[in-house]
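Enquirer: One structure follows; several queries about it will come next.
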Amino acid sequence: MIDLLILARWLHVIGATVLLGTGAGIAFFMVMAHRTADPKLIAHVASTVVIADFLFTATAVIVQPLTGIWLALLTGWPLTTPWIVWSLGLYVFVGLFWLPVVWMQKQMRDLARAAAAGDTALPEQYYKLFRLWYAFGFPAFFAVLAIIWLMLQRPDM
């Protein structure tokens with residue numbers, strides 16, 4: 001027989017791992033591609049990043065709150081427990097950065113594709129988007145780390 005608490009915990013940890021790992025991986029590969037200033041390479045990497053974000057990140061974004069609520073119900077933790085409230089607040093905060101980032105990635109991909117097709121340099125709009133994308137990554141990344149810390153520590157607040 002399956003222990004539902006262990007299953008819920010496992011799914012929640014997998015979701016957190018996917019969020020953190022995919023986010024870090026996407027950031028690394030986008031930055032490395034950007035550093036080349038090669039529109040063809042950037043277009044290719046950005047295309048893969050957009051797919052990865054929808055396939056992995058979006059799935060984990062859905063799984064995390066569902067498994068978190070499931071865990072709270074199984075363990076008897078009220079959703080008003082301070083560390084859970086903080087985690088949920090930070091989760092919304094991360095989402096407010098992630099949604100525009102998804103849009104920016106698609107725009108950067110399209111600008112790089114157009115530059116590659118026209119055999120031209122990347123336009124200034126690409127660089128503006130990249131700087132904004134880069135800046136949005138830091139608060140979201142550190143908020144995810146804070147959520148994981150809260151999840152592990154469950155501090156009395």
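Enquirer: All but one of (1) at pLDDT below 95; (2) closer than 30 Å to D38 by Cα hold for M157; which doesn't?
Expert: That leaves (2) as the condition not met.
Enquirer: Another one. Counting only residues that are under 30 Å from Y127 (Cβ atoms) and either without any contact (Cβ under 8 Å) to a residue 60 or more places away in the chain or open to solvent by 20 Å² or more (accessible area, probe 1.4 Å) (or both), how many does the stretch 40-89 have? Spell out how you get there, then give the answer.
Expert: Residues of the stretch 40-89 that are under 30 Å from Y127 (Cβ atoms), as a first pass: 40-58, 60-61.
Remaining after also requiring either without any contact (Cβ under 8 Å) to a residue 60 or more places away in the chain or open to solvent by 20 Å² or more (accessible area, probe 1.4 Å) (or both): 40-41, 44-45, 47-48, 50-58, 60-61.
Qualifying residue count for the region: 17.
Enquirer: Still on this structure, I have one more. Of the residues P155, P100, which is closer than 18 Å to T22 by Cβ, touching a helix residue (DSSP H, G or I) at 6+ places or on another chain (Cβ under 7 Å) and surrounded by fewer than 16 Cβ atoms within 10 Å (Cβ to Cβ)?
Expert: Working: P155 fails: closer than 18 Å to T22 by Cβ.
Just a single option satisfies the conditions, and that option is P100.
Enquirer: Can you work out which of the residues in the stretch 15-25 that are without any contact (Cβ under 8 Å) to a residue 40 or more places away in the chain and open to solvent by less than 80 Å² (accessible area, probe 1.4 Å) is farthest from I147 (Cα to Cα)?
Expert: Start the filter on the stretch 15-25 by keeping residues that are without any contact (Cβ under 8 Å) to a residue 40 or more places away in the chain, which leaves 17, 21-22, 25.
With open to solvent by less than 80 Å² (accessible area, probe 1.4 Å) added as a condition, the list becomes 21-22, 25.
Working: G21: 14, T22: 16, G25: 19 Å.
Once the filter is applied, the top-ranked residue is G25.
The values are calculated or read from the model by the stated rules, or taken from the named source; none is laboratory data. A quick note: this is a predicted structure, and the numbers were derived from the prediction, not measured. Using ideal geometry, Cβ is built from the backbone for each residue, glycine included, and neighbour counts are taken over all protein chains shown. Heads up: the accessible areas ignore ligands, DNA and RNA and are worked out on the full protein's heavy atoms, side chains in. Shrake-Rupley method; radii C 1.70, N 1.55, O 1.52, S 1.80 Å.
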